Amino acid sequence: MCYLSVAVGLYPSVLGASFNELSPVVRAFHVGGRSLRARGVFAVQHSRFWIGRVLVRLAGLPRAGDGVDVRLEVSATARGERWSRIFGGVAMVSEQWQDGGHIVERVGTTEVRFALVNEQGALVFRQVRHALRLGPLRLPLPSFLAVRVSARVHEEHGAMVSDIRMEAPVLGLILRYSGRLEVVT
């Protein structure tokens, strides 16, 4: 028997019918239209180059470590969604909204546009563009300067498993965080 969910939120709107083909846990995390809280444990990895570690520090991104306690709170906004992540006490808050067939995520002055793909029930984020936002100004970054962000979320044993990577030209890996999240009721 096949059950279809009603597409009401940001991610269902962008993915269309393929949203219903995501695994149930991934769908539950991304259905939107409601608040969601989750907890988990992640591994956070930084660049092996000192300049990459300095960039992570300056950007206020999570500290490196294994077994980092992570809390997530997702809430609907007038424009889309607010994703508040806390990695071992370090907050990383982003705003997400739809622009055409893409999800746009803004963290501080950084704005990344993603194409979303359903790969066998997993949700894959493929970066389309990276820009700096200075007030109303949007300054697209050329690919040779832009940090590349990629993400994949899938279901494993009833939890959502996330793997997010930020890589820079020449430096390679700047930041990677990966781990499991479970909804808190």
Considering region 98-140 alone, what residues qualify as being under 20 Å from Arg57 (Cβ atoms) and assigned to a loop (DSSP other than H, G, I, E, B)? Gly108, Thr109
Qualifying residues in region 56-97 (those that are part of a loop (DSSP other than H, G, I, E, B) and in contact with a Gly (Cβ under 9 Å, 6 or more places away or on another chain)) - the one surrounded by the most Cβ atoms within 10 Å (Cβ to Cβ): Pro62
For region 130-154, pairs from a residue that is free of Cβ contacts under 8 Å to residues at least 40 places away in the same chain and at positive phi to a residue that is part of a strand (DSSP E or B) and surrounded by fewer than 12 Cβ atoms within 10 Å (Cβ to Cβ), with Cβ under 7 Å and 6 or more apart or across chains, are none
Mind counting the residues in region 13-55 that are surrounded by 14 or more Cβ atoms within 10 Å (Cβ to Cβ), without any contact (Cβ under 8 Å) to a residue 40 or more places away in the chain and under 26 Å from Arg148 (Cβ atoms)? 1
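Filter region 23-41 down to residues that are in a loop (DSSP other than H, G, I, E, B) and more than 11 Å from Tyr11 (Cβ to Cβ), then give me how many there are. Full working, then the answer.
Taking region 23-41 as the starting set, the residues that turn out to be in a loop (DSSP other than H, G, I, E, B) are 23, 31-35.
If we keep only those that are more than 11 Å from Tyr11 (Cβ to Cβ) too, we end up with 23, 34-35.
Residues in region 23-41 being in a loop (DSSP other than H, G, I, E, B) and more than 11 Å from Tyr11 (Cβ to Cβ): 3 in total.
Computed from the coordinates by the stated procedures, all read-outs in this text should not be read as laboratory data. All values derive from a computational prediction rather than experimental measurement. Glycine gets a Cβ as well: all are built from the backbone with ideal geometry, and neighbour counts include every protein chain shown.
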